[in-house]
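Data first, discussion second: the structure below is written as structure tokens.
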């Protein structure tokens, strides 16, 4: 993603309520909270919330990826030092200088991307700009425990910008085609002179598309984009965890001026199972009750798994909370070995005894004369 003019004007850290020292984790957390708060589905008809959501998404699109964030931080350092478009040229130290951006390494690339790929001497060829990548979107999906374990292909519904269903995204009424822009000659960019420099900028007439729609589509009014409800197919991998984000490339918001669509991020919420829990990425957990006599004397007990039951040994003298591991009875991911089943024993103490049972326990107590509280010194 080439640096954009907006990078000089927008403090994306401030948009997310952060500082430039924020970690990647801080950025993701702030984005999720704000996106959920201002999501259009939760603020139907609220234009201000929708605009705020777009601003938040744009900030995350830049700060959420390491390379884009690095480029953005470089731009912001230039802004802080007085370098930027407009005003008095490009800041201190450049006045009256003919500068060849082709020999400027990374700085040339930066300004080239910023002004449409044409940051060079006057008369040099310039590349068109103006394509806008669609916003990344986020939605939520609730899954049954077993679907999360085995993996599933499902659909999620969301309301968002999408390519117009009538014109196919061209913006022109079906049966007609857009015409080349007379201002830029179809290039999408025009020359901008600033003293000794000549840059290209997005064509103000066509917005960088290089085309003019003379007969706009009656559905999208020439934008090529409409806001509508749509269903997106999502492949959920086996072993997905609660809170995990699944990326669906190219299924986010529609691009503008021929730009690519953004990505869709699906946050998965996994339901509970009546018997099994999860530990880490691949292990199951289960609590198994055992009787007092099984705990004292040891036993072999049957334990359920997602497949067939297994027999697990209860060592003599087992206490409540002891956990044993059954290898290979956990989650089987698409790649790699299966996880394990962690069996935690829970010793069940009888709540009430009849006379005969009470007498038996008392007789046992007389035989077991160990002082289990001797270390207390009382």
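Some points to look at:
- Approximating the spin labels as points 7 Å out from Cα along Cα→Cβ, the residue 155-to-residue 227 distance works out to 2.3 nm.
- Straightening the chain between residue 368 and residue 183 buys 56.6 nm, computed as 0.36 nm per residue apart minus the Cα-Cα spacing.
- Available extension along the chain between residue 300 and residue 337 is 10.7 nm, counting 0.36 nm per residue and deducting the alpha carbon span.
- Taking every C-alpha pair closer than 8 Å and separated by at least 6 residues, the mean separation divided by the residue count of the range 251-378 gives a relative contact order of 21 percent.
- Treating r as the C-beta distance of residue 322 and residue 37 and R0 as 41 Å, the FRET efficiency rounds to 0.35.
- Between the range 1-66 and the range 198-259, the alpha-carbon center distance in angstrom: 17
- Alpha-carbon centroid distance for the pair the range 144-194 / the range 314-351, whole angstrom: 51
- When peptides 285-291, 46-52, 221-227 are ranked by their average number of other Cβ atoms within 10 Å per residue, the highest-first order is 221-227, 285-291, 46-52.
- Length added when fully stretched, residue 361-residue 48, from 0.36 nm per residue minus Cα-Cα: 105.4 nm
- With the convex hull of its Cα atoms as the shape, the range 277-366 has an orientation-averaged projected area of 7.0 nm².
- Highest to lowest packing among 53-63, 239-249, 135-145, scored as the average C-beta count within 10 Å: 53-63, 135-145, 239-249
Where a number appears in this text, it was derived from the coordinates with a stated rule and is not lab data. Only a predicted model underlies this, so the values are computations on that prediction, with no experimental measurement involved. Please note: Cβ atoms are built from the backbone with ideal geometry, for glycine as well, and neighbour counts cover all protein chains shown.
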